[in-house]
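The values are calculated or read from the model by the stated rules, or taken from the named source; none is laboratory data. Given the structure is predicted, the values throughout are model-derived calculations rather than measurements. For neighbour counting, all protein chains shown are included, and Cβ atoms are generated from backbone atoms with ideal geometry for every residue, glycine included. Each accessible area value is taken on the protein alone, full model and side chains, heavy atoms only, with ligands, DNA and RNA left out. Shrake-Rupley method; radii C 1.70, N 1.55, O 1.52, S 1.80 Å.
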Amino acid sequence: MMESVSGLVGMLPDEETTQCEEFGVIFEGKKPFELLEGDTKRKLEPGASFVVKDKTRWLPLDGTTFMVRSGPDYEHNKIKKASKKAFYECVGVDTLGSPQKISNLGRFMNLHLAKKPTQFGKATDTKSSKNMSNGGASKNRNKSKKSRQRKNKSNKQKPTDNDNSNDKQTEAKRGAEEKEEENVDDVIVPEHFIFQLQLPDYQPSMLSSQGDGEGYCLAFHYRLTDEGREQVQGNKNPAARLLKRFLKTLREKGGPQTSDHPLHLRPKVIMRLVNHEELGLGFVHRKICENFNAKPFLSRPEHTMHLPKDNSYFEIDVDVHLFKYFQRRCAHSFRENFAKAVIDIGIVIEGQGDREMPEQMLGGCRVERLIHRTFQLVKPMKRGTREPVPSPTTPGSAAPAAPGTAPPPPPPGAAAAGEEEAGWGFW
């Protein structure tokens, strides 16, 4: 019989006396569930670690509440509209704690056990949720729209020789992308998609990024919808073609761990704090929420991607351990608010140019009132040993940053991110 993690879910210190010295205060007294790499009998069932208690729950979102780039001529018009239904539906959420980051979580999951999504109660119906369902506060959108219009008027200039050379480079790049797009008919779109947020649980340092250490993760498990399957098979939807190009590049070039391909820089995360008015946030968090709530941010370069040879799933891991100091500090100080917060989280691949628009969400999910001190404690181990499993690396990839060193710079040749580059979620 397959051994399940569910028996250890939510284990409190007074229920387990085993001491694990590797962990800090929040995991004190808990015995970790050992994940054995390559052991098919000791894998996690997607969503088994999530503790549904009181008001803690998760809700699948179909993606239509997120605002995405629409076009035409988005670079000038900046028009955004509600996304079509997402390609993937959320079928499970895992909340895990670990003494180190767990990259490529899918290798420890029995994905075939993923069940249809279950809504644990109705979504929170608050004034904040109604105001934020369209992707952000209307006042902020109107202000930013007017400022962009003024900026566009002031930037209108006569074409120069430099402009002509840039146009030629753009045309050459577009021609190469069109040639690449012609060969995506045979690309296999995986049935499962995993999106993981790796969150540190140690005091951030101003001088350097620790890079790894004790923390916890939110893992969202998605399954391809029937409508999404038809779209990727029909190959007519611009967002579906972009997804297949993204997966083809991930298969041929490897992830950003081994390649600096421009498509690896495209994943964007949208985080929307729905009930921010009810949390009583301090000045700093309140101002950040006013400016960045529901604003997409590019996850580069603090992300890794994984696509196994059998195409059973693909995974995107966003590593908050490597964020800039101010971001890590805000995330660390916000963690106590998780127990009261209602957060919508979605991910989309950035479209550039009319031929890749409108954008369409990969998936979305709402998590409500998470108590991070009850997250399931896990510890990845090598099979047959007591040694921890290192984060997977690919030959030719750069070694992970050592503790006390700064995170690696963005890969060369990174495309301009536009307005999304400055945003980094509700933190």
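Note on Arg286 and Tyr202: the extension gain reaches 28.0 nm, defined as 0.36 nm multiplied by sequence separation minus the Cα-Cα distance. Length available on full extension from Ile79 to Leu113: 0.36 nm per residue minus the Cα-Cα distance, which gives 8.2 nm. Per residue, the range 199-280 exposes 37 Å² of accessible surface when a 1.4 Å probe is rolled over the protein heavy atoms with every protein chain present. Solvent-accessible area of the range 230-380 (1.4 angstrom probe, protein heavy atoms only): carbon and sulfur portion equals 50 percent. Shown here: the range 184-252, whose C-alpha atoms stretch 49, 23, 18 Å along the first, second and third principal axes, sorted largest to smallest.
Once C-alpha pairs closer than 8 Å and six or more residues apart are averaged by separation and normalised to the residue number of the range 261-373, the relative contact order reads 31 percent. Each label point was placed 7 Å from the Cα along the Cα-to-Cβ direction; for Glu278 and Tyr325 their separation is 3.6 nm. Here the accessible area of the range 65-105 is 52 percent carbon and sulfur, with a 1.4 angstrom probe and all protein chains present.
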